[in-house]
Structure formats: C-alpha cells, structure tokens
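Everything below concerns the one structure shown next.
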Amino acid sequence: MLFENLNVKIMKFFRSISFSAIIVFSLFACKKENKNQWDVEIKNPVRKVQITDLSGEFYNSSVNLEDFKKKYPWFQGSVSDEDYGDRRKDTMEIRIYKEAISKINQRKLQKDLTELFSHIKNYFPKFQPPHVYLYSSVVDPPSVVDPIFLREDRNMLFVDITGFLGDGNHNYKNLDLYFQKSMNPENMVPKISAFYAARLVPLLPDQQKFLDQMVYQGKIQILQDAFLPNVADHLKINYSKAQYDWAVANEANIWNYFVENDLLFSSDPDLAERFITPGPFSKFYTEVDRESSPQIAIWTGWQICKHYLKAHPEEKLQVFLKKNATEIFNGSGYRPK
C-alpha cells in the first residue's frame with residue numbers, strides 16, 4: 001500500500017511537470033511566433049544625426065544677414081537682400097515658424113532619426129546619413145503636402161516643419177482635409193523613412209498592371225517595416241488609426257472586389273487614380289466609398305508582400321525587392337477570407 005501511494009504521488013508529480021512544460025513551451029512558441037522579424041540588433045549604428053534649424057537662424061534678428069548668407073551660400077537663390085530683409089521681419093512668417101518648431105522635440109527627433117538611418121544602413125550599407133535641415137515654408141501648399149526633399153549632391157535632407165502642424169490646424173484652412181490626416185508631428189519620421197524607401201525599391205521593366213503597382217507600393221511599405229520596426233503601422237502608410245482599422249476590417253471585401261472585377265491584371269490607368277493616388281477615400285463606385293480608406297491598393301500590396309515574406313522567411317530583403325509582382329503574388333498564397 002505504501003508503494004502504491006508513492007507511485008500515485010510520483011505519477012501526479014510527473015504529470016504536473018509535463019503539464020507545466022507544455023504551458024511554458026506554448027508560451028515560448030507563441031512569443032517566438034509573434035516576434036517582430038524586423039526588430040533586429042543594429043551592430044553598427046550611425047553616429048548622431050546632424051540637425052540644423054535653418055529657419056531658426058533666418059528669423060533670428062541677432063544673426064546678421066551677411067553672416068547667414070556666408071554660412072549658407074546655397075540658400076539665397078534669386079531672392080534679393082531687400083526681400084530677405086522684409087521676410088525676416090514678417091510677423092506672420094515668424095508666428096507660423098514659432099508654432100511649427102514648438103511642436104517638434106528636437107532631441108527626440110535626433111534620436112529617432114539616428115535609429116531610422118541606422119536601420120536603413122543595416123540593409124543598405126552604402127547609405128550615408130544626410131545632414132537634416134528644418135525649415136518653414138509658411139504653409140506653402142506644394143511644400144507642406146510633400147515636405148521632404150533631398151539635395152543629393154551635398155547629401156542634405158530638407159524637412160518643411162510647417163507640414164507637421166497637426167490635423168485641423170488653423171493654418172491649414174485652405175488645405176484639403178484628407179492631406180491633413182498625415183500632417184501631425186508623429187508623421188515626420190515615417191515620411192522621411194518613406195522618402196528613402198521609395199528611392200530604394202527598384203523599378204522593374206514592363207510593370208504596368210494593377211498588381212504590379214500594388215506590389216511595388218507594398219515593397220515600399222515592407223521597407224517601412226524594416227526601417228521603423230517599432231512604429232505603428234497606420235503611421236507608416238499615412239493613415240489615421242480609424243482608416244487603418246477600416247482596411248483591416250474590410251480586407252476580404254477589398255480583395256473580393258479586385259478579383260471579382262478582374263482588376264489584378266488590368267492595365268487600366270484609372271485604377272491608380274482610384275486606389276493609389278492620395279484622396280479622401282478609395283473609389284469602388286459603391287455605397288461604401290465615402291467610408292473607405294484612401295489608397296487602399298497600397299495597403300493590399302503591403303499585405304501581399306507580408307504574406308510572401310512570411311511564407312519565405314529565409315529570403316533576403318534585397319532578393320525580395322528584385323522579384324516581380326507575379327512571382328511575389330503567386331508565392332504569397334494571399335487569399336483573405
């Protein structure tokens with residue numbers, strides 16, 4: 001009887017250990033499965049990024065104009081000294097600049113850009129971090145909508161800070177509302193990342209079909225994942241959180257619409273305007289249009305690329321970027337339900 005009781009206790013003990021082991025293993029497997037593949041250790045981070053507040057010096061009355069011109073000889077262009085003198089005293093320009101710069105935590109921006117450029121260099125070793133110049137355009141529509149540009153010969157990146165005053169800002173009263181969704185301070189680094197991502201995705205020949213355009217845009221978004229592994233997805237695609245949630249909730253419906261209307265392999269140029277070009281919503285020509293998220297084909301292309309890389313975890317990023325859309329689509333198994 002004594003040995004029988006002992007055996008029962010031993011069996012219970014080992015069952016307990018086995019059950020605990022299963023739980024631990026399951027939790028470990030779940031954690032491993034949910035790990036962000038792009039959240040990698042950067043072994044050779046770039047040095048601290050240089051950031052210059054160009055407009056801060058321009059509007060600073062204690063800075064002599066001649067000294068400013070000598071320091072930044074490329075800045076003046078065809079503008080006369082007299083016009084410059086008037087602009088430096090313009091109270092409206094100064095007010096807008098001060099409002100814009102007050103919304104930017106420059107110390108955090110420097111840290112975030114150092115991380116961003118380190119991730120870009122990790123995948124593209126020839127990349128050289130630029131000197132970043134912040135400036136104010138006084139809410140000039142072309143500049144605030146497309147606020148990032150690069151002077152490549154000097155590797156100078158210019159960022160129009162008036163493009164990030166915030167959705168609904170009073171200075172944006174003449175600007176379409178749909179542009180304003182991504183004109184918040186937290187959109188600055190994702191837009192800089194997207195600027196470089198678009199430059200790094202190779203353009204393949206004879207890629208005119210709708211699927212080609214979707215996957216091309218999806219590749220840019222994959223680079224956004226690689227460059228900004230800890231940034232919210234909706235910021236990477238210039239969506240509000242509500243717009244991103246709509247895309248997720250309607251993924252199968254979006255896909256069914258593209259398939260049932262034979263759009264994937266269509267070369268109709270209007271499809272880009274309906275589903276890729278910026279706008280207030282996507283144009284399905286149905287009653288849901290005004291509820292839909294804009295540029296939905298970019299989001300769908302992103303999902304196709306994500307599925308492909310999940311199915312081919314061993315594939316190098318550079319190899320993936322050079323593959324054509326049909327190969328990526330066929331290898332993705334993307335069929336949302």
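Would you calculate, for the chain, the mean residue ellipticity at 222 nm contributed by helices, counting each DSSP H stretch of 4 or more residues as -39,500 (n - 2.57) and dividing by all residues, to the nearest 500?
Computed mean residue ellipticity for the chain: -16000 deg cm²/dmol.
Modelled label-to-label distance, residue 330 and residue 70, 7 Å Cα→beta-carbon offset: nm?
Each label point is offset 7 Å from its Cα along the Cβ direction, giving 6.6 nm.
Of 59, 72, 84, which has the largest mean-square fluctuation in a 10 Å C-alpha GNM of the chain?
72
For segment 210-332, rounded, prolate or oblate, judged on the Cα gyration tensor with a ≥ b ≥ c (square roots of eigenvalues), a/c < 1.5 rounded, else prolate if a/b > b/c?
Values: a/c = 1.93, a/b = 1.28, b/c = 1.50.
Because a/c hits 1.5 or more and a/b fails to exceed b/c, segment 210-332 counts as oblate.
Which of the trypsin sites (Lys or Arg not before Pro) found in segment 80-170 are loop residues per DSSP with 13 or fewer other Cβ atoms within 10 Å of their Cβ?
126, 154
Here are labelled values, [x] 17.1; [y] 43.8; [z] 25.8, and one is the computed mean projected area of the Cα convex hull in nm² for what I pasted. Which one?
After the calculation, the listed value that fits is [z].
Over 26 Å between C-alpha atoms is what I'm after, so list which of 43/219; 241/322; 181/219 land there.
With Cα atoms farther than 26 Å apart: 241/322.
List the chymotrypsin sites (Phe, Trp or Tyr not before Pro) in segment 219-283 that DSSP assigns to loop (not H, G, I, E or B) and whose Cβ has at most 13 other Cβ atoms within 10 Å. Which are they? It would help to have the intermediate numbers written out before the result.
Working: sites: 227, 239, 244, 246, 255, 257, 258, 265, 275, 281; in loops: 239, 265, 281.
Here the chymotrypsin sites (Phe, Trp or Tyr not before Pro) that fit, given the DSSP loop and packing criteria, are 265.
Looking at 37, 288, 185, which one has the Cα that reaches farthest to the positive end of the dipole of the chain (charges on Cβ: Lys, Arg +1; Asp, Glu -1)?
37
For segment 209-255, restrict the atom set to alpha-carbon positions and state the Rg and Dmax in Å.
Over segment 209-255's Cα set, Rg and Dmax evaluate to 11.7, 32 Å.
Residue by residue, what Karplus-based ³J(HN,Hα) values in Hz, rounded to whole numbers, does segment 163-178 have, using 6.51, -1.76 and 1.60 with θ = phi - 60° and x for Gly and Pro?
With coefficients 6.51, -1.76 and 1.60, one gets x, 9, 7, x, 3, x, 4, 4, 6, 9, 4, 9, 10, 3, 4, 5 Hz.
In whole Hz and in residue order, list the ³J(HN,Hα) couplings for segment 206-215 that follow from phi through the Karplus curve 6.51 cos²θ - 1.76 cosθ + 1.60, θ = phi - 60°; x for Gly and Pro.
Per residue, the Karplus-derived 3J(HN,Hα) values read 6, 10, 9, 6, 4, 4, 4, 5, 4, 5 Hz.
Each residue of segment 308-322 in turn: what ³J(HN,Hα) in whole Hz from Karplus with 6.51, -1.76, 1.60 and θ = phi - 60°, glycine and Pro shown as x?
Residue by residue, segment 308-322 yields 4, 5, 5, 7, 10, x, 7, 6, 6, 4, 5, 5, 4, 5, 8 Hz.
Taking loop as defined by DSSP and a crowding limit of 10 other beta carbons within 10 Å, which GluC sites (Glu not before Pro) in segment 216-287 fit? It would help to have the intermediate numbers written out before the result.
Values: sites: 251, 260, 273, 287; in loops: 287.
Sparse-neighbourhood loop GluC sites (Glu not before Pro): 287.
Using only alpha-carbon positions, what ratio does the radius of gyration of segment 90-194 give when scaled by 2.2 N^0.38 Å?
Values: Rg = 14.2 Å, N = 105, 2.2 N^0.38 = 12.9 Å.
Against the compact-globule rule of thumb, the ratio is 1.10.
So how much slack lies between residue 206 and residue 61, counting 0.36 nm per residue of separation and subtracting their Cα-Cα distance, in nm? Let's see the in-between values first.
Numbers: separation 145, 0.36 × 145 = 52.20 nm, distance 5.47 nm.
Taking residue 206 through residue 61 to full extension adds about 46.7 nm, to one decimal.
How charged is the neighbourhood of residue 115? Take every other residue with its Cβ under 15 Å from the Cβ of residue 115, and add Lys/Arg as +1 and Asp/Glu as -1.
So the environment of residue 115 carries a net charge of +3.
Throughout, read-outs are computed from the coordinates displayed, never taken from laboratory work. What you see is a predicted model; the values in this text were computed from it and never measured. Positions of Cβ are generated from backbone atoms using ideal geometry, with glycine treated the same way; all protein chains shown enter the neighbour counts.
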